[in-house]
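A short worksheet on the structure shown next.
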Amino acid sequence: MAGSGSYLMNKSIVPDNSVNTATHTASRSPLFQRVTLFVIWAWLIVFALIPNILVVLASFMTRDEDSFLALPLTAESYLRFIDPLYVKVFLHSLSMASITTLICLILGYPFAWLVSRVSKKWQSFLMLLLIIPFWTNSLVRLYAVKLIIAANGLLSSALIGMGLIDEPLQILYTQKAVIGGLVYLLFPFMVLPLYAVFTDLRDDIVLASKDLGANKFQTFWHVILPLTTPGIISGVLLVLLPAMGMFYVADILGGSRNLLVGNIIKSQFLDARDWPFGAAASVLLTATMAILIAAYYASSKRIGKIDHNEVA
């Protein structure tokens, strides 16, 4: 008993280093969290919030030859989008971006599903192959594509050499070339969110639908497709809007007849020096992104409610 008492006394007197270390770490943790949050919020405010506010304000200002922007505030820049010329360019840009998104979705959906069904080792390898092109600048890759599809490029030369065609292919500086370049650059952005939702898809839900008598099409339409809707919307969000803003793709592969909204924004800021109109076009693209993000969160919330009801 005496030994036990001396042991307890020693334990109460001698400080525990692990307890002191934990207490010291806990005392430093709030400071580290505050500094981290301050840096993150400061970065977002300085480089995201303030620039967007300035763009919105610039879109309501008046064009000035000397200072680019001047008072009074007006909505004239937004009203100019009613002009049939800009409506035509916007619709043409939207059509090319929509076709690009649809092609990426048609190709990316089964690709993401197949990748999610192979072994983990092959999944890592296939995703690595998908991401490897990002290691090279997109401009360099576009110029490589231009060398391949040009009239005297590698593709036409190879087909003529094999006797399959008699004249060079006229692909460059067409709408097809722009759409192909956009698909080439943006395809991984469709696959990645789809791959994420497919890896989270529970096999027991699919098996349950089959046990209840659903065929493959019914299982896909009523089970798999609704559960992967957030990934589809996320992929559309990551492809559609960048496709409308990638002006350099149209400049390199499309020429002057296949303009995107990004080309209008670039020309207004750099060539025409009409900053209010360029800012208004940027605001419209941002508003479109906000609508798609709202649709994404609504679909995610709906899927969450469905899962919760199924569990209940």
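Checked against the criterion of being surrounded by fewer than 16 Cβ atoms within 10 Å (Cβ to Cβ), within 25 Å of the chain's Cα centre (by Cα) and hydroxyl-bearing (Ser, Thr, Tyr), the range 218-231 contains not a single residue that satisfies it. Across the range 46-62, the number of residues qualifying as in contact with a strand residue (DSSP E or B) (Cβ under 6 Å, 6 or more places away or on another chain) and polar (S, T, N, Q) comes to 1. Within the bounds of the range 63-72, is there any residue that is assigned to a helix (DSSP H, G or I), small (Gly, Ala, Ser), more than 28 Å from Gln175 (Cβ to Cβ) and in contact with a strand residue (DSSP E or B) (Cβ under 9 Å, 6 or more places away or on another chain)? Looking through the range 63-72, none of the residues is assigned to a helix (DSSP H, G or I), small (Gly, Ala, Ser), more than 28 Å from Gln175 (Cβ to Cβ) and in contact with a strand residue (DSSP E or B) (Cβ under 9 Å, 6 or more places away or on another chain). Among the residues of the range 165-178, those identified as under 16 Å from Ala144 (Cα atoms) and part of a helix (DSSP H, G or I) are Ala177, Val178. Among the residues of the range 22-38, not a single one is modelled with pLDDT of 85 or more, part of a helix (DSSP H, G or I) and within 30 Å of Asn263 (Cβ to Cβ).
If only residues of the range 252-270 that are over 22 Å from the mean Cα position of the chain (by Cα), surrounded by fewer than 21 Cβ atoms within 10 Å (Cβ to Cβ) and free of Cβ contacts under 8 Å to residues at least 24 places away in the same chain are counted, the one that is nearest to Lys176 (Cα to Cα) is Ser256. Under 24 Å from Leu107 (Cα atoms) and crowded, with 19+ Cβ neighbours inside 10 Å: does that describe Gly278? Answer is no for this residue.
Is there a residue in the range 233-243 that is within 29 Å of Ala58 (Cβ to Cβ) and among the polar types (S, T, N, Q)? Taking every residue of the range 233-243 in turn, none turns out to be within 29 Å of Ala58 (Cβ to Cβ) and among the polar types (S, T, N, Q). Checked across the range 238-260, the condition of being at pLDDT 80 or above, assigned to a helix (DSSP H, G or I) and of a type in the set (S, T, N, Q) holds for no residue.
For the range 213-236, the count of residues that are closer than 23 Å to Ile293 by Cβ, in contact (Cβ under 8 Å) with a residue 24 or more places away in the chain and touching a Gly at 6+ places or on another chain (Cβ under 7 Å) is nonzero.
Annotation note: of Ser93, Ser138, Ser124, Ser67, the sole residue that is at pLDDT below 90 and crowded, with 17+ Cβ neighbours inside 10 Å is Ser93.
The values are calculated or read from the model by the stated rules, or taken from the named source; none is laboratory data. Only a predicted model underlies this, so the values are computations on that prediction, with no experimental measurement involved. Note: ideal-geometry Cβ built from the backbone for every residue, glycine included; neighbour counts use all protein chains shown.
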